[in-house]
Amino acid sequence: MPDFRKSSPTVMLVCASLILTLALGIRHGFGLFLQPMSMDNGWGREVFGFAVALQNLLWGITQPFTGMLADRFGARRVLFAGGLLYALGLVFMANSSSALGLTLAIGIFVGIGMSCTTFNIVFGALGRAYSAEKRSVVLGIASAAGSFGQFALLPLALVLITGLGWYSALIALSLLVAVVVPASFGVADKGYHGTLAAGAGVSLKEALAEAFRHRGFWLLGVGYFACGFQVVFIGTHFPAFLMDQGLSARDGTICLSLIGLFNIFGSYLAGQLGSRFSKTYLLSGLYAARGFAIALLLVFPLTPMSAYLFAAAMGFLWLGTVPLTNGVVAGIFGVKHLAMLSGFVFFFHQLGSFFGGWLGGYLFDRTGSYQLVWLIAIGLSVISVVVNLPIDERPVARKPVPA
């Protein structure tokens with residue numbers, strides 16, 4: 001009988017990668033449910049967009065607290081609870097017949113479930129399991145696993161919707177995400193309770209005060225806001241945007257799949273480069289490339305091929321921000337409170353995600369176009385380039401901890 005009270009770093013990496021694959025992959029397909037659910041229930045796009053936006057906002061608000069629990073008591077318990085909430089949220093989503101029901105299902109249950117099963121919880125555990133020299137690469141591998149889920153599970157969602165209808169598709173996906181529950185036992189990180197982990201001399205209160213005084217901590221959050229706005233707007237509204245322009249639902253699905261496919265390579269490469277070069281400079285370059293890709297999409301005529309090229313480019317730049325941003329936080333503040341501190345930075349990401357999901361639907365319902373939202377996304381890229389450049393990546397100075 002295996003001892004689930006402790007896991008080797010390799011077992012943790014495999015199980016954590018599986019969890020990210022399922023949690024992020026299933027969420028990536030939510031945009032495919034926008035049109036069929038809205039049409040069958042007589043909703044405008046703002047209803048679905050707001051539910052997804054609230055999901056991202058609640059995911060961000062709760063992340064520091066779920067991260068605090070994972071840092072303190074270990075990631076396994078948090079991942080276990082998150083898997084249950086996520087699966088229940090999809091069941092409730094399938095049975096939602098009102099805007100309020102959809103908002104509660106996607107916004108609250110899936111939102112908190114995502115908070116318990118994604119980057120900060122997983123990265124906090126892996127950050128303590130691996131040395132600083134290997135950390136950036138390992139986080140890149142885990143991010144790539146999440147990207148693989150976005151590539152592999154999106155076509156599965158489309159097949160389920162086409163063959164079974166959106167209701168049965170959601171029930172099937174709820175069973176799939178329930179695999180997170182047994183997989184959580186492989187991420188048996190004990191947290192820092194009773195340990196002498198790196199940075200053990202820094203209390204929770206001191207860690208927060210230290211981070212809040214650091215200018216780079218807030219600048220990372222500003223850049224992450226742009227990331228959240230862009231990825232959620234595109235992930236939620238891009239298929240509908242393409243159909244508005246005369247392309248097909250198949251083109252939208254291919255584009256989201258290409259984002260997931262190229263995200264695998266982009267996330268892994270970001271982790272590799274982050275172990276060799278300045279992570280903040282890499283972040284600035286990534287945001288600049290995103291803005292350039294969006295500008296090209298708007299300038300040139302939209303065809304299936306141009307949509308595929310845009311999706312491939314954005315996919316390559318999609319989650320590369322995650323290992324780089326978490327790597328900066330770990331490098332400056334250490335790993336003891338990594339999940340919690342990354343959670344605070346991630347809140348800005350999810351605040352941007354809220355506006356990306358909701359504002360996309362709101363402005364479309366009122367203007368009949370996504371043009372203004374695309375322009376906002378470009379402007380946020382410019383801001384992110386500027387704010388990431390001056391961040392000081394050196395570890396904070398601390399008094400020596402007595403032996």
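Computed from the coordinates by the stated procedures, all read-outs in this text should not be read as laboratory data. This is a predicted model, so every value here is computed, not measured. Don't worry about glycine lacking a Cβ; one is built from the backbone with ideal geometry, like all the others, and counts go over all protein chains shown.
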Cβ-placed point charges (K, R +1; D, E -1), dipole of region 277-395 about Cα centre in debye, nearest 20: 120 debye
Relative packing of 341-353, 366-378, 261-273, 11-23, which averages over residues the other C-beta atoms within 10 Å, highest first: 341-353, 11-23, 261-273, 366-378
Percent of C-alpha pairs per 5 Å bin, region 16-119, short to long: 3, 14, 24, 24, 17, 10, 6, 3, 1, 0
Magnitude of the charge dipole, the chain, Cβ model with Lys/Arg +1 and Asp/Glu -1, debye to 20: 1100 debye
Additional length obtainable on full extension of the chain from ARG213 to SER131, 0.36 nm per residue less Cα span: 26.9 nm
Separation in nanometres of the label points that stand 7 Å from Cα toward Cβ, at ASN41 and PHE65: 2.5 nm
FRET E, pair THR303, LEU164, Förster distance 25 Å, beta-carbon r, rounded to 0.05: 0.20
Cα→Cβ-extended label distance, 7 Å offset, between VAL382 and LEU204, nm: 4.2 nm
Backbone N under 18 Å from the ALA152 label point (7 Å along Cα→Cβ), restricted to region 118-135: 118-119
Gain upon complete extension [ARG250, LEU175; 0.36 nm per residue less C-alpha separation]: 24.5 nm
Spin-label pair LEU389/ALA295, simplified geometry with 7 Å Cα→Cβ offset, distance in nm: 1.5 nm
